[in-house]
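*Asks:* This structure is in structure tokens; I'll ask about it shortly.
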Protein chains: 2
Amino acid sequence: MFLSIGDLAARTGVKVPTIRYYESRGLLEAPLRSAGNQRRYGRAELERLGFIRHARDLGFSLEAIAALIELQDHPDRACTSATRIAQGQLGAVREKIRRLRALEAELARIAEGCTGDGAARDCYVLASLADHELCARDHSIEARSSTQRS
Amino acid sequence: MFLSIGDLAARTGVKVPTIRYYESRGLLEAPLRSAGNQRRYGRAELERLGFIRHARDLGFSLEAIAALIELQDHPDRACTSATRIAQGQLGAVREKIRRLRALEAELARIAEGCTGDGAARDCYVLASLADHELCARDHSIEARSSTQRS
DNA sequence: GTAGTCTCTCTAGTCACTAGAGGTTCAAGG
DNA sequence: CCTTGAACCTCTAGTGACTAGAGAGACTAC
């Protein structure tokens, strides 16, 4: 089992530059190299990259993943911190949902208040954004846009 | 009414460097300057910054906000694009909520499957992340972490 | 006049990649 | 054995929306 970086990418669904990026960030160890200096991976790296991919899909930061990997490499330690990290992530996700729901309500009100066939001077969307008083509730300091995988 | 950048920041809740950043991005016009080259703002800028702040709170990108401002400056145009932008944002928010809910379910299952008092080798959190087969549903390509205001 | 706060510009850092330049290596076909 | 073309290498820079800090100048209250 000697995989090139492209093989590894194909098997895990992680793009080639991203694998190199993970290596530079210390999430993957520097692998063996071929005679011509190309990376060669084995089963261990395949599994580790799968772990990282899975954790990223669940929204864990690379920092949190590094901590989880550290723990994985020391099976004798207590798993308290893994649980704490997962619960922290769960809390963060729930908080995001809460904020996005408030946003959704306000945006729906604003977007549906405008038929789109008038002039900009009478636009309810623009008026709502210009005047916070028009809002049904206080949604200041709500969620901001997020980065997402395609 | 001649506000310094600090006064403007205090009145709108937008931080001073962020105001300068908005100016550099073209969302705010370059204001008048004092004899000593310091920015001086009036009511128009206060309102515009309030508009931007409000739209950012609702998750609009700076690009979308620029388009909305452009429309605001031309009250004779049709407000079709404002409605489209708002509805696009609403759709994006709804999609994020949908993804985050799938994530929440999976994270809750993982986090609550572990008491946190065992050793890392038996940790359900780590096992779940290592093996996608353990997942209750397919949540690959879900939401990634988002940027949010404090 | 002076102390202390505010403001100026500029650069660099954040996160998690992504894109591109310019060059080298590998594997398959002839 | 040789060629071709895909895959690989390193390095730098760009994304969005800021945030932090340096070093210098301006303003305000006493």
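Here, each number is a calculation from the coordinates, and none is a lab measurement. This is a predicted model, so every value here is computed, not measured. Using ideal geometry, Cβ is built from the backbone for each residue, glycine included, and neighbour counts are taken over all protein chains shown.
*Asks:* Could you identify which residue out of A:T115, A:T18, A:T83 has the top mean-square fluctuation in a GNM of chain A using Cα springs shorter than 10 Å?
*Replies:* Ranking A:T115, A:T18, A:T83 by mean-square fluctuation puts A:T115 first.
*Asks:* With the Cα gyration tensor of region B:5-59 in hand, convert its eigenvalues to equivalent ellipsoid semi-axes via √(5λ) and list them largest first in whole Å.
*Replies:* Details: eigenvalues 71, 25, 20 Å².
Values for region B:5-59, descending: 19, 11, 10 Å.
*Asks:* Here is a further query. Would you mind giving the mean number of other chain beta-carbons within 10 Å of the Cβ of each residue in A:49-55, as a whole number?
*Replies:* Values: counts 0, 4, 5, 1, 3, 9, 5.
Average neighbour count from other chains, rounded to a whole number: 4.
*Asks:* Can you tally the net charge around B:Y124? Count Lys and Arg as +1, Asp and Glu as -1, for every other residue whose Cβ sits under 13 Å from the Cβ of B:Y124. Working shown, then result.
*Replies:* Working: positive: B:R109, B:R121; negative: B:E106, B:E112, B:D117, B:D122, B:D131.
Around B:Y124, the surrounding residues sum to -3.
*Asks:* Another one. Excluding A:A108 itself, calculate the net charge of residues whose Cβ lies under 11 Å from the Cβ of A:A108, where each Lys or Arg counts +1 and each Asp or Glu counts -1. The partial results should precede the final answer.
*Replies:* Values: positive: A:R101, A:R109, B:R94; negative: A:E104, A:E106, A:E112.
Value of the local net charge: 0.
*Asks:* Then there is this: Under 20 °C and 1.002 mPa s, how fast does chain A diffuse according to Stokes-Einstein, given a Kirkwood radius computed over C-alpha pairs? Answer in µm²/s, whole number. If you can, show how the numbers build up before the last one.
*Replies:* Details: Rh = 19.3 Å.
Answer, rounded: 111 µm²/s.
*Asks:* List the residues, sorted by chain then number, that are 5 or more residues from B:A78 or on another chain and whose placed amide H is less than 5 Å from its amide H.
*Replies:* Answer set, sorted by chain and number: A:A120.
*Asks:* On to the next question. Suppose every K and R has +1 on its Cβ and every D and E has -1 on its Cβ; what is the size of the dipole of region B:1-141 about the Cα centre, in Debye to the nearest 20? Can you show the working numbers first?
*Replies:* Details: 21 positive and 19 negative charges, 132 e Å.
Dipole of region B:1-141, to the nearest 20 debye: 640 debye.
*Asks:* In deg cm²/dmol and to the nearest 500, what is the mean residue ellipticity at 222 nm of chain B if only DSSP H runs of at least 4 residues count, each as -39500 (n - 2.57), divided by the residue total?
*Replies:* Details: 6 runs with 83 residues, N = 150.
Per the formula, -18000 deg cm²/dmol.
*Asks:* Which cysteines in chain A lack any other cysteine whose Cβ sits under 4.7 Å from their own Cβ?
*Replies:* A:C114, A:C135
*Asks:* Nothing charged except the Cβ atoms of Lys and Arg (+1) and of Asp and Glu (-1): what's the magnitude of the dipole of region A:80-134 about its Cα centre? Round to the nearest 20 debye. Numbers along the way, then the final one.
*Replies:* Numbers: 8 positive and 8 negative charges, 117 e Å.
Around 560 debye, computed over region A:80-134.
*Asks:* For peptide B:66-79, compute the average count of partner chain beta-carbon atoms within 10 Å of each residue's beta-carbon.
*Replies:* Counting other chains' Cβ atoms within 10 Å and averaging over B:66-79 gives 4.
*Asks:* Additional query: Below 8 Å between Cα atoms, with a sequence gap of 6+, how large is the relative contact order for chain A in percent?
*Replies:* Details: 89 pairs, mean separation 23.7, N = 150.
Relative contact order for chain A comes out at 16 percent.
*Asks:* Would you mind pulling out the separation of the Cα centroids of region A:38-53 and region B:69-137, in Å?
*Replies:* 26
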